[in-house]
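Trainee: Encoded as structure tokens, here's the structure I'll be asking about.
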Amino acid sequence: MNKTNAMRFLDKERVAYKAIDYSKSGAVDAKSVAAFLGEDVGHVFKTLVTVGKSRQHYVFVVPADKELSLKKAALAAGEKNIEMIPQKELLPLTGYVHGGCSPLGMKKSFPTFVDLSAKGKDFVYVSGGKVGLQIQIDPEELVALIKGSFADIAQ
């Protein structure tokens, strides 16, 4: 398997992870990815990139079967309001494409918040940096690596 930026970042930091390629599984949404992995859908997380009223960008990692609460996200980030960035801005900003955006190994570091539901889990799955690739990682290690924090951000 070719290494992605997310995997290279984890290797450089010497963090244990498991990369799972599901590209040939036909899985296209959180429930089908979870089924392929043989896991509860609450362990599969998606990475969303936003911009605040201040024009600062923020990254939010939420359970894939939930939505990001923009109100809660703004509160967590200390912004008046937050909105999703246009899809066309994702690749130049992060180095990742829609559906393959990982909170690990982005082009630059952004303030990042992981939903509270991840806290206390033995592991979570986040994108491995390309469509069809998931990384299994300890959520506490994930938050420490990205210098993020846990927050109540999902609805």
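Trainee: Under the condition of being open to solvent by 40 Å² or more (accessible area, probe 1.4 Å) and in a loop (DSSP other than H, G, I, E, B), which residue from region 17-32 is farthest from H98 (Cα to Cα)?
Mentor: Y17
Trainee: Here is a follow-up. Return the residues of region 117-141 that are out of contact with any Phe, Trp or Tyr (no Cβ under 7 Å at 6 or more places or on another chain) and touching a residue at least 60 places away in the same chain (Cβ under 8 Å); say none if nothing qualifies.
Mentor: Hits for region 117-141 are S117, K121, F123, S127, G128, K130, V131, L133, E141.
Trainee: Is there a residue in region 113-120 that is closer than 22 Å to A19 by Cα and open to solvent by 80 Å² or more (accessible area, probe 1.4 Å)?
Mentor: Yes, there is a match, as at least one residue in region 113-120 is closer than 22 Å to A19 by Cα and open to solvent by 80 Å² or more (accessible area, probe 1.4 Å).
Trainee: Name the residues in region 48-57 that are touching a residue at least 24 places away in the same chain (Cβ under 8 Å) and open to solvent by 20 Å² or more (accessible area, probe 1.4 Å), would you?
Mentor: Of all residues in region 48-57, those touching a residue at least 24 places away in the same chain (Cβ under 8 Å) come to 48-54, 56-57.
The answer is L48, K53, S54, Q56, H57.
Trainee: Still on this structure, I have one more. Of the conditions (1) within 22 Å of S25 (Cβ to Cβ); (2) in contact with a strand residue (DSSP E or B) (Cβ under 9 Å, 6 or more places away or on another chain); (3) part of a loop (DSSP other than H, G, I, E, B), K130 clears all except one; give me its number.
Mentor: For K130, the exception is condition (2).
Trainee: Tally up the residues in region 45-71 that are assigned to a strand (DSSP E or B) and basic (K, R), please.
Mentor: We begin by selecting, within region 45-71, every residue assigned to a strand (DSSP E or B); these are 45-52, 57-63, 68.
If we keep only those that are basic (K, R) too, we end up with 46.
Qualifying residue count, region 45-71: 1.
Trainee: Could you pull out the residue among A74, A6, A35 that is crowded, with 21+ Cβ neighbours inside 10 Å, in a helix (DSSP H, G or I) and either over 13 Å from the mean Cα position of the chain (by Cα) or of a type in the set (G, A, S) (or both)?
Mentor: Numbers: A74 fails: crowded, with 21+ Cβ neighbours inside 10 Å; A35 fails: crowded, with 21+ Cβ neighbours inside 10 Å.
Result of the check over A74, A6, A35: A6.
Trainee: Can you give me the number of residues within region 77-127 that are closer than 28 Å to S25 by Cβ, assigned to a strand (DSSP E or B) and of a type outside the set (A, V, I, L, M, F, W, C)?
Mentor: Number of matching residues: 4.
The values are calculated or read from the model by the stated rules, or taken from the named source; none is laboratory data. As the structure is a computational prediction, the values presented were derived from the model and not from experiment. With ideal geometry, Cβ positions are generated from the backbone for all residues, glycine too; neighbour counts draw on all protein chains shown. SASA here: full protein model, heavy atoms, side chains in, ligands and nucleic acids out. Shrake-Rupley method; radii C 1.70, N 1.55, O 1.52, S 1.80 Å.
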